[in-house]
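The values are calculated or read from the model by the stated rules, or taken from the named source; none is laboratory data. Given the structure is predicted, the values throughout are model-derived calculations rather than measurements. When we count neighbours, we look across all protein chains shown, and the Cβ atoms used for this are built from the backbone with ideal geometry, even at glycine. Just so you know, the surface numbers come from the protein's heavy atoms only, side chains and all, with ligands and any DNA or RNA stripped out. Shrake-Rupley method; radii C 1.70, N 1.55, O 1.52, S 1.80 Å.
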Amino acid sequence: MDVLDTVRTGVLDHYGVPATGVDSASVTFLGLEPIEILRIVHGDVVHYATLGGSRHPMGDPGDLHADPVRGPRAELVLTLRSGTAMPGLPKALGILVATPSVEGVVLQADALLDLGEPLWQGSAFTAALLGDSEIPEIPLPEPAEPVRYLTVTPVTATEAAWVRVRGAQALRDAWTEAGIDVRDPGRGAVTL
């Protein structure tokens with residue numbers, strides 16, 4: 001079963017672009033298989049979609065009898081307004097999608113992942129809030145579970161603290177109330 005080819009086809013079909021119409025970057029970490037970050041320009045936004053996190057199901061990395069086929073699989077997609085260079089972003093997305101392999105975290109909606117450093121050079125965002133994506137689940141041959149794409153929303157340290165205290169939905173409500181465009185890479189933190 002070639003999971004990555006299936007996932008690549010699924011995400012490119014969703015955005016209606018051919019494989020030749022996207023740029024990509026490869027990120028490699030010691031002890032892990034390479035992770036590819038697809039850069040898909042779609043109108044006035046750019047989607048950065050990971051490819052490699054779904055190679056293996058997520059679970060406890062210390063489990064000696066981990067099932068190599070069954071279990072949840074996920075990839076990440078970050079959508080930002082185009083026009084701003086974001087050096088270091090592919091590495092940060094690679095770190096986030098590799099979290100299950102390194103720390104045993106299961107990626108899911110409302111999860112808060114803290115990098116402790118900017119998501120890209122010069123960014124005020126040091127963490128990411130995951131959410132449901134518009135990309136439909138990408139089915140894999142049975143008995144493997146489908147691959148889910150989760151959205152990545154960059155958050156500041158203050159916003160991350162708010163999520164820890166009040167929850168993910170409270171922060172989303174605050175963004176809506178303040179009219180914050182979370183796709184704007186230069187946005188400020190919401191006043192909490």
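Observations
- Test result for residue 112, buried (at least 21 other Cβ atoms within 10 Å of the Cβ) and more than 20 Å from residue 10 (Cα to Cα): no
- Boolean, residue 144 is of a type in the set (Gly, Ala, Ser) and under 13 Å from the mean Cα position of the chain (by Cα): no
- Single residue of segment 3-18 satisfying the filter (open to solvent by 50 Å² or more (accessible area, probe 1.4 Å) and under 10 Å from residue 51 (Cα atoms)) that is nearest to the chain's Cα centre (by Cα): 8
- The residue of segment 122-138 that is most open to solvent (accessible area, probe 1.4 Å), among those that are at pLDDT 95 or above and over 21 Å from residue 169 (Cα atoms), is 137.
- Test for residue 165: is it free of Cβ contacts under 8 Å to residues at least 12 places away in the same chain, farther than 15 Å from residue 93 by Cβ and not acidic (Asp, Glu): yes
- Pairs where the first residue, in segment 176-192, is over 15 Å from residue 84 (Cβ atoms) and the second is open to solvent by less than 50 Å² (accessible area, probe 1.4 Å) and among the acidic types (Asp, Glu), C-beta under 9 Å, 6+ apart: 189/159; 190/159; 192/159
- Members of segment 139-192 that are among the polar types (S, T, N, Q), under 30 Å from residue 6 (Cβ atoms) and surrounded by fewer than 13 Cβ atoms within 10 Å (Cβ to Cβ): none
- Output for segment 89-105, where each listed residue is more than 18 Å from residue 51 (Cβ to Cβ) and in contact with an Asp or Glu (Cβ under 9 Å, 6 or more places away or on another chain): 104
- Identity of the residue in segment 1-58, among the β-branched types (Val, Ile, Thr), part of a helix (DSSP H, G or I) and under 20 Å from residue 148 (Cα atoms), that ends up modelled with the lowest pLDDT: 3
- Put simply, of 69, 102, 106 the only residue that is out of contact with any strand residue (DSSP E or B) (no Cβ under 6 Å at 6 or more places or on another chain), surrounded by fewer than 21 Cβ atoms within 10 Å (Cβ to Cβ), more than 16 Å from residue 27 (Cβ to Cβ) and modelled with pLDDT under 90 is 69.
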